[in-house]
Amino acid sequence: MKTAAHAAAAIEVLAEMASARRPASDALKNWGTAHRFAGSRDRAGIASLVYDALRHRASIAWRMGDDSPRALVLGALAFVRGKNAEYMAAAIADSPHAPEPLTEAEQHAFIHGTLDGAPEWVRGDYPEWLDSHFARVFGEERGAELSAMAERAPLDLRVNVLKADREQALKALDHLGASETPISPLGIRINLLDDGRGPPVQSEPAFLKGLVEVQDEGSQLAAMIAAAAPGEQVIDLCAGAGGKTLALSGGMNNRGQLFAYDRDIRRLAPLHERAERAGVRNLQVRSPRGQQDVMADLVGKADLVLVDAPCTGTGTWRRNPDAKWRLRPGSIEVRQNEQDAALADAARLVKPGGRLAYITCSLLPEENDDRLASFRTTHPEFTTLPAQEAAITAGLPALAAYANADGSGLVLTPKRTGTDGFFVGLMRKAG
Ligand SMILES: C[S@@+](CC[C@H](N)C(=O)[O-])C[C@H]1O[C@@H](n2cnc3c(N)ncnc32)[C@H](O)[C@@H]1O
């Protein structure tokens with residue numbers, strides 16, 4: 001299949017998403033089931049086009065003067081992939097499974113479609129209702145900040161210092177074009193293939209032997225700022241599949257005790273095998289057991305409690321562009337309640353003088369600064385550890401420039417740090 005056939009398929013997928021209110025992944029799966037003849041390269045090509053159209057949906061619609069599935073796909077080819085009207089005419093003429101030829105209006109948009117006069121939410125490709133939310137964090141920069149969030153994400157790995165150093169890992173992955181990430185001293189970036197997919201790193205010997213883990217550079221940096229040290233008692237309270245747990249374990253060098261808990265036992269399941277592969281020997285996974293308080297013995301004991309809170313995920317839109325158009329105002333409130341509950345659960349576990357690290361992969365201040373401010377009101381025994389100092393202490397002085405307005409946290413973004421969007425704030429409990 002060629003470009004024009006991919007375009008026709010991508011239009012069908014976007015149309016199904018709109019008519020059946022289906023997520024992109026489901027609509028793509030349905031398309032694959034109905035077109036079993038299509039090979040994996042074609043499926044990847046179609047998916048990549050659908051995701052490019054979703055990443056840039058608002059700006060494409062503005063430039064095309066139309067937000068139909070056809071306009072979004074043709075606009076993705078024009079404005080994201082840089083194809084001109086002549087190329088498209090030839091591609092369409094050359095394929096039996098092509099969309100209809102370009103209309104005059106479409107040809108005009110290909111040549112003259114600009115973002116002149118477009119509001120920030122169109123320039124930044126985010127839903128209009130979020131404009132005031134992003135204005136609170138980024139002010140006049142919001143269009144540019146969110147526009148960077150509309151680009152494709154790289155594939156990042158974290159070197160597992162329990163088993164290797166970065167030089168060894170780079171050598172082992174040299175054939176994938178591995179290079180150092182700009183900020184994390186443990187980060188490795190892998191070149192993406194043309195269709196936006198990464199190579200299958202999870203089949204690489206370096207991965208199977210535990211030398212590296214897949215982890216966005218921003219997630220690595222957030223864990224480093226929490227700065228778990230050898231010999232400490234550390235609790236990862238919202239551990240999920242353990243991305244941060246494993247990063248914390250590196251900082252501890254298998255000394256002290258690391259506990260991982262998640263209220264959802266299914267999410268914890270992969271952690272056992274991941275920790276084994278990574279050579280972590282000081283980890284206890286605490287699985288929830290009905291109504292039992294499985295953390296009761298750790299109350300007031302932890303040097304560090306990490307709350308990697310459930311959130312709307314606005315910082316991960318590069319990887320999941322469908323999510324930005326599916327987010328609804330009500331979800332923010334649901335997440336806020338969960339965030340407050342997780343912080344309250346964490347507070348009791350911190351020992352006097354201990355630290356509480358709060359992380360989200362959201363850029364909305366309602367889930368970040370506001371949650372910490374609200375927590376400090378109800379828990380006056382906790383005070384902010386200034387974010388700039390936290391960055392410097394963690395050996396990441398480049399991040400000190402990205403403290404939020406009240407200095408309670410750092411805001412990482414694709415534009416600022418080339419990472420997914422993350423918020424990380426530290427607090428200390430009175431001693
Ligand atoms: C952002 S995810 C964690 C991702 C994980 N830390 C990682 O780095 O891969 C948030 C997790 O918090 C869990 N969670 C939400 N509220 C919680 C609570 N009050 N106590 C423990 N876990 C909670 C959810 O089940 C979810 O797995």
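Computed from the coordinates by the stated procedures, all read-outs in this text should not be read as laboratory data. These figures come from a predicted structure and were not determined experimentally. Note that we place each Cβ from the backbone using ideal geometry, even for glycine, and neighbour counts take in every protein chain shown.
Total lysine pairs in the range 217-429 at Cα distances under 18 Å, for residues eight or more apart or on different chains: 4.
May I ask you to derive the relative contact order of the chain, considering only C-alpha pairs under 8 Å and at least 6 residues apart, and to give it as an integer percent?
13 percent
Stretching residue 171 away from residue 266 to a fully extended chain increases their span by 30.7 nm, per 0.36 nm per residue minus the current alpha-carbon distance. Taking Cβ atoms as reference points and 12 Å as the exclusive limit, the residues near residue 256 contribute a net charge of +1, counting Lys and Arg as +1 and Asp and Glu as -1.
How big is the dipole moment of the range 153-236 about its Cα centre under a simple scheme where the beta carbon of each Lys and Arg is +1, that of each Asp and Glu is -1, and everything else is neutral? Debye, nearest 20, please.
So the dipole magnitude of the range 153-236 works out to roughly 180 debye.
Taking the charge dipole of the chain about its Cα centre, with +1 at Lys and Arg Cβ atoms and -1 at Asp and Glu Cβ atoms, the residue from 127, 230, 196 reaching farthest to the positive side is 230. Lys/Arg Cβ at +1, Asp/Glu Cβ at -1, dipole of the chain taken about the Cα centre: which of 146, 387, 321 is farthest positive-ward? Ranked along the dipole, the leading option is 387. For residue 171, the aspartates and glutamates whose Cα comes closer than 13 Å to its Cα, not counting residues fewer than 8 places off in the same chain, are 180, 204.
Summing charges over all other residues whose Cβ lies under 14 Å from the Cβ of residue 80, with Lys and Arg as +1 and Asp and Glu as -1, gives +2.
At a Förster distance of 41 Å, what's the computed FRET efficiency of residue 297 paired with residue 366, Cβ-Cβ distance as r, to 0.05? Computed FRET efficiency for residue 297 and residue 366: 0.75.
The slack in the chain from residue 193 to residue 151, taken as 0.36 nm per residue of separation less the alpha-carbon distance, amounts to 13.6 nm. Placing +1 on the Cβ of every Lys and Arg and -1 on the Cβ of every Asp and Glu, with nothing else charged, gives the range 298-431 a dipole about its Cα centre of roughly 240 debye. Based on C-alpha pairs under 8 angstrom that are at least 6 apart in sequence, the range 217-429 has a relative contact order of 21 percent.
Charged side chains reduced to their Cβ positions (Lys and Arg at +1, Asp and Glu at -1) give the chain a dipole of some 1220 debye around its Cα centre.
For the Cα atoms of the chain, what angle does the longest principal axis make with the long axis of helix 217-226, in degrees from 0 to 90, nearest 10? That helix lies at roughly 20 degrees to the long axis. Every helix of 4 or more DSSP H residues in the chain counts as -39500 (n - 2.57), and over all residues that averages to -12500 deg cm²/dmol at 222 nm.
Between residue 276 and residue 289, the modelled labels are 2.2 nm apart [label points 7 Å from Cα along Cα→Cβ].
Computed from the C-beta positions of residue 41 and residue 108 and an R0 of 41 Å, the FRET efficiency is 0.80 to the nearest 0.05. Here residue 87 and residue 373 are evaluated by their C-beta separation; at R0 = 60 Å the FRET efficiency comes out at 0.70. Across the range 188-276, C-alpha contacts under 8 Å between residues 6 or more apart give a mean separation that, scaled by the residue count, equals a relative contact order of 24 percent.
Taken as Cα centroids, the range 128-158 and the range 301-343 sit 16 Å apart, rounded to the nearest whole angstrom.
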